[in-house]
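Values quoted throughout were computed directly from the atomic coordinates according to the rules given, and no laboratory measurement underlies them. This is a predicted model, so every value here is computed, not measured. Heads up, the Cβs are rebuilt from the backbone with ideal geometry, glycines too, and the neighbour counts pull from every protein chain shown.
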């Protein structure tokens with residue numbers, strides 16, 4: 001049996017880092033971890049190929065070779081998914097599809113031969129059994145959460161690691177919080193399910209054996225969902241492993257703001273090699289946090305929490321949202337000031353949208369305010385419901401935020417604010433390699449010679465080189481990120 005695993009293309013968005021990737025001559029940020037794991041769950045005697053359309057072209061000959069094309073995707077990849085489906089139909093190759101996009105909107109994909117919904121650990125085995133008997137059904141679903149202690153290691157040999165800037169692993173699924181605009185609890189539940197210490201170390205061993213050195217992203221939607229296990233078992237084990245292997249990896253992940261309440265957890269994360277965390281901060285407006293059930297962010301000094309995490313040695317990256325019913329007209333200036341004061345360099349600001357299955361979507365349907373499905377891209381100036389605020393005022397205010405925080409003056413001011421106070425506990429924050437050296441020279445020409453930000457670029461360049469040389473490579477990385485963010489915000 002010949003199996004082609006296809007990962008559709010991402011559009012050019014905030015998180016695609018398309019314009020930044022050119023500086024390091026890479027094709028994509030991360031490999032398709034889900035499909036690599038699915039490949040491990042297929043029969044070992046099947047022939048497998050993987051095409052990540054973000055890194056290489058999907059050719060007709062690849063589709064013709066395959067008996068089945070397996071597709072996994074998120075909502076933001078839907079346009080590329082449609083192209084893949086058309087090509088497979090044209091060449092009469094059967095399609096097997098799963099992942100968040102198809103689980104959330106199966107009604108949109110009735111033309112697909114086999115839908116393997118929910119988590120693959122619960123639905124894929126039944127499909128494979130039925131397929132071997134010649135009795136495969138159109139759709140497989142489950143209302144049970146998967147036991148991820150049985151999840152196999154990804155088949156890393158199916159990709160070329162040189163195409164990517166970072167590798168990724170998964171430790172847990174689910175989140176204990178229930179923000180009404182988030183579909184994570186819909187897809188993966190509120191009780192965090194975790195892998196064992198042995199599994200996590202095996203994942204790291206498997207990556208090490210491939211020769212990979214550098215950044216590794218824990219893709220968990222809330223890495224600290226089970227704090228007790230992290231502190232007692234997982235983080236000490238990762239720290240010991242990283243030390244024994246002479247620090248081949250450094251990590252980043254997604255967490256909730258209550259990380260700031262646990263000094264020991266922050267210390268253990270830094271000791272284990274974590275250097276950055278993404279946090280959904282959403283809004284400095286308390287009424288908006290109440291509205292969206294963002295309980296963990298309420299009744300706290302958000303700026304103080306952010307500074308505490310940064311002071312521990314972890315860079316904070318932040319997600320923000322405008323478009324809540326309780327957002328006042330002043331929210332745009334208030335949020336801009338908050339971002340600047342926080343020193344959050346990587347600040348993703350998006351318009352509120354309602355993904356399928358969320359409590360927000362259900363409320364908006366009941367109020368007759370839903371318009372269409374969520375595109376998966378909350379930075380493309382689209383909103384899939386009728387907002388409380390006048391639409392023109394909302395879009396205009398949103399655009400003003402982006403134009404301000406990504407402008408060279410405000411962006412570089414934020415970088416300097418962060419770097420002046422940031423003291424990493426590790427000697428190295430970013431490990432220099434040929435790609436980063438190449439990126440340095442490209443940044444000098446593109447940003448320091450011909451770029452609109454050249455005055456700010458050179459000011460940061462020399463300040464970091466002489467005042468904080470241990471953060472010099474991080475400073476250059478920030479200049480490249482800023483270039484990408486401006487390109488994205490100016491493209492709409």
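A few remarks follow.
- From least to most packed, judged by other beta carbons within 10 angstrom and beginning with the fewest, 398, 481 follow the order 481, 398.
- Modelled FRET efficiency - R0 25 Å, residue 455 with residue 267, Cβ distances, 0.05 increments: 0.05
- Between the beta carbons of residue 365 and residue 210, assuming R0 = 51 Å, the FRET efficiency works out to 0.65 to the nearest 0.05.
- With a Förster radius of 22 Å applied to the C-beta separation of residue 382 and residue 403, the computed FRET efficiency comes to 0.75.
- Part-to-part distance (alpha-carbon centres) for the stretch 1-73 and the stretch 435-461, which is given in Å: 32
- Prolate/oblate/rounded call for the stretch 137-272, Cα gyration tensor, a/c under 1.5 rounded: oblate
- Sorting 462, 218 from the fewest to the most surrounding beta carbons within 10 angstrom yields 462, 218.
- Taking label points 7 Å from Cα along the Cα-to-Cβ direction, residue 107 and residue 300 give a separation of 3.8 nm.
- Of the beta bridges in the stretch 177-405, as assigned by DSSP with both residues counted there, near 5 percent are antiparallel.
- Pair residue 138, residue 57: separation of 7 Å Cα→Cβ label points (nm): 3.5
- Each of 119, 286, 57, 291 was scored by other Cβ atoms within 10 Å of its Cβ. Arranged with the fewest first, they read 57, 286, 291, 119.
- You can think of it this way: the chain between residue 286 and residue 45 has 81.2 nm of extra reach, that is 0.36 nm per residue less the Cα-Cα gap.
- Rounded Å value of the spacing that divides the Cα centres of the stretch 340-356 and the stretch 218-251: 26
- Cα gyration tensor, the stretch 2-140 - rounded (a/c under 1.5), prolate or oblate: prolate
- Theoretical gain in end-to-end length, residue 410 to residue 465 [0.36 nm per residue, Cα-Cα removed]: 17.7 nm
- DSSP beta bridges confined to the chain are antiparallel in about 5 percent of cases.
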